Structure formats: structure tokens, C-alpha cells
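Data block below; observations after.
The values are calculated or read from the model by the stated rules, or taken from the named source; none is laboratory data. Treat the numbers as computed from the prediction; the structure is a model and nothing was measured. Neighbour counts run over all protein chains shown; Cβ positions are idealised from the backbone, glycine included.
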Amino acid sequence: MVTRKSLLLSLAVLCIIPHFVLCDPSNFSEDCVKTNKECEEDTDCVHRLGYLQATCNTNTCQPQCRKAVLNLFQNRNGRNLLRTDTSCLTGRSELEKCNFLPNRKPLHCDLAKLVCDASLQCNAKWQVFFSECESEAAKGQCSDKCRTLLQATFATEQGAAFQSCTCTDKEDQLCEQLKGTTLRACSGEASPPVNTINHSPEMNETGPKKSDTSRPVVPVKPTPATTTPSAAGTVAVSLSLVVAAIFVW
């Protein structure tokens, strides 16, 4: 059985190794020491922790350290340890620098994915998005439906980390694919709705605007005004005709 005294002693020994010279056991939090002890009592967890302590000591975000963190997080006790203030963990500075601590933001995208997977709510939202939209996003395309599904993931407590997650510059292809392809394609705002076509005629200052396809207006010739002869004129014409007839006769 590992006692608190022996645990602190072993951590103190690690602190004199190069890269850990700034480590001070007196600054270890009770929570970190307790959770570290639980990990060391778990054979699987302590092996994963040993790999992390051996690889996360360069402060350069090497792939080996990233894999060690992801590996440790998949163990329940290891996950609990990484969620402490990690004051008793060797390599803590590298974990902070490379965004490998699940309770801090931003998060490495691969770790953000594991954090989401560990949450029933976030994982359910993510799985729906991924199954419906992964092939579409891989082509750099994203429908409004897929944007909505990803926003539903972002709306969960754990899924929010996807919005600001990061990648390292050390052989981080899976992270870059997740961040640069899947997330980027669907992280923008949904496209605006298509304007509906207005079929009513446009109005101008004098009335409805004529359609280009309307029949041409055929000009109507004005009808000459007809005059109705007056009664006096009619009598005069009749008398003239009578006089002419008498003269001929």
C-alpha cells in the first residue's frame, strides 16, 4: 500500500531530476496527491502515468507526450488525475503549454474530442453530427442542417471546447484534420435564407409597371367628329332645290 509519506518522497526524488528542478512537494495540492495515489494503486493507471512522466519533459509538445496524455485520460483514475490542478505531476508545464489539461481552455482538439466522448450528452450530439455530416465536411461543404447539428454540440458544456481547440506543430495530422476540415467547414454561420420571389407587379410613380411580355398597345385612330345640320340649314337647302326645279321647268 502506497502511503502519503512514501508518495511525497517519490515525487520529491523526481523533482531533483533535470526538467523538474522547480518542483516543490510543499506546493502539491491535497486533491492532486490523493488522486495520484489512487492512480498508482491501479496497475493500468500507473503504467499509463509512467509513460506520461517519461515523455512529457521536453516542453516541446512532442507526439509521444500527446499520446501519453490521451492514453492516461482514457483510464478513469487517470482522467481524474488530469482534472486536478496537476500540481503533483511531473511535466505539468508541458501539459499546460500544449493545452493537454482537460479543465483548462483552450484544449488540444484530440483531447477535446475525448472530453466530449466521456460526456453522454456531448457524445450523443457529436455522433449525430459526425454520422450525418462527416463526408460532406471532408469536401469542405456544409449544409445548414449540418451547421445546426454542430452548433448543438457546441451548446453542451464539454462540446464548447471544440470552438477554440488547438493543434501542435509536431506530427499532428489527426488533430489538423478534425480542426481544419471537419470543424472549420461547419463552424461558420448558416447561409441566409433564399429571398422569395415577389410575383406582384412592381409599382412606379404613376401606377403598375408594365411587364415586358405584355401586348403592345395599338394606337386608336381618332374618329372625325360629325356635325348634325341645323333646322335652318335644312330649310334653305330645300328652297334652293324648289327654285332650281321651277327654273328648269
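Just give me the residues in the range 48-63 being part of a helix (DSSP H, G or I), exposed (fewer than 15 other Cβ atoms within 10 Å of the Cβ) and without any contact (Cβ under 8 Å) to a residue 60 or more places away in the chain, in sequence order. Walk me through it before giving the result.
Going residue by residue through the range 48-63, those that are part of a helix (DSSP H, G or I) are 48-55, 63.
Adding the requirement that they be exposed (fewer than 15 other Cβ atoms within 10 Å of the Cβ) leaves 50, 54, 63.
Result: GLY50, ALA54.
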Inset, instruction - Of the conditions (1) surrounded by 15 or more Cβ atoms within 10 Å (Cβ to Cβ); (2) within 11 Å of the chain's Cα centre (by Cα), SER164 clears all except one; give me its number. - result: (1)
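Taking the condition at pLDDT 95 or above and over 20 Å from GLN173 (Cα atoms), does VAL69 pass?
Details: at pLDDT 95 or above: yes; over 20 Å from GLN173 (Cα atoms): no.
No; evaluated as a whole, the condition is false for this residue.
Taking the conditions exactly as written (over 15 Å from the mean Cα position of the chain (by Cα), buried (at least 21 other Cβ atoms within 10 Å of the Cβ) and in the same structural domain as THR166 (by the TED database)), does CYS116 satisfy them or not? Working first, answer last.
Details: over 15 Å from the mean Cα position of the chain (by Cα): yes; buried (at least 21 other Cβ atoms within 10 Å of the Cβ): yes; in the same structural domain as THR166 (by the TED database): yes.
Yes; evaluated as a whole, the condition is true for this residue.
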Legend entry - Some residue of the range 145-153 being surrounded by fewer than 20 Cβ atoms within 10 Å (Cβ to Cβ), out of contact with any helix residue (DSSP H, G or I) (no Cβ under 7 Å at 6 or more places or on another chain), assigned to a loop (DSSP other than H, G, I, E, B) and not assigned by the TED database to the domain that holds LEU52: no
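From the residues in the range 79-108 that are aliphatic (A, V, I, L, M) and within 21 Å of GLU157 (Cβ to Cβ), which one is surrounded by the most Cβ atoms within 10 Å (Cβ to Cβ)? Before the answer, list the steps.
Within the range 79-108, the first condition is being aliphatic (A, V, I, L, M), and the residues that meet it are 81-82, 89, 95, 101, 107.
Filter once more, so that each one left must be within 21 Å of GLU157 (Cβ to Cβ): 81-82, 101, 107.
Details: LEU81: 27, LEU82: 24, LEU101: 21, LEU107: 24.
Among those residues, the one meeting the criterion is LEU81.
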Inset, instruction - For the range 99-138, name all the residues that are assigned to a loop (DSSP other than H, G, I, E, B) and in contact (Cβ under 8 Å) with a residue 12 or more places away in the chain. - result: ASN99, PHE100, LEU101, PRO102, ASN103, LYS105, PRO106, LEU107, ALA118, SER119
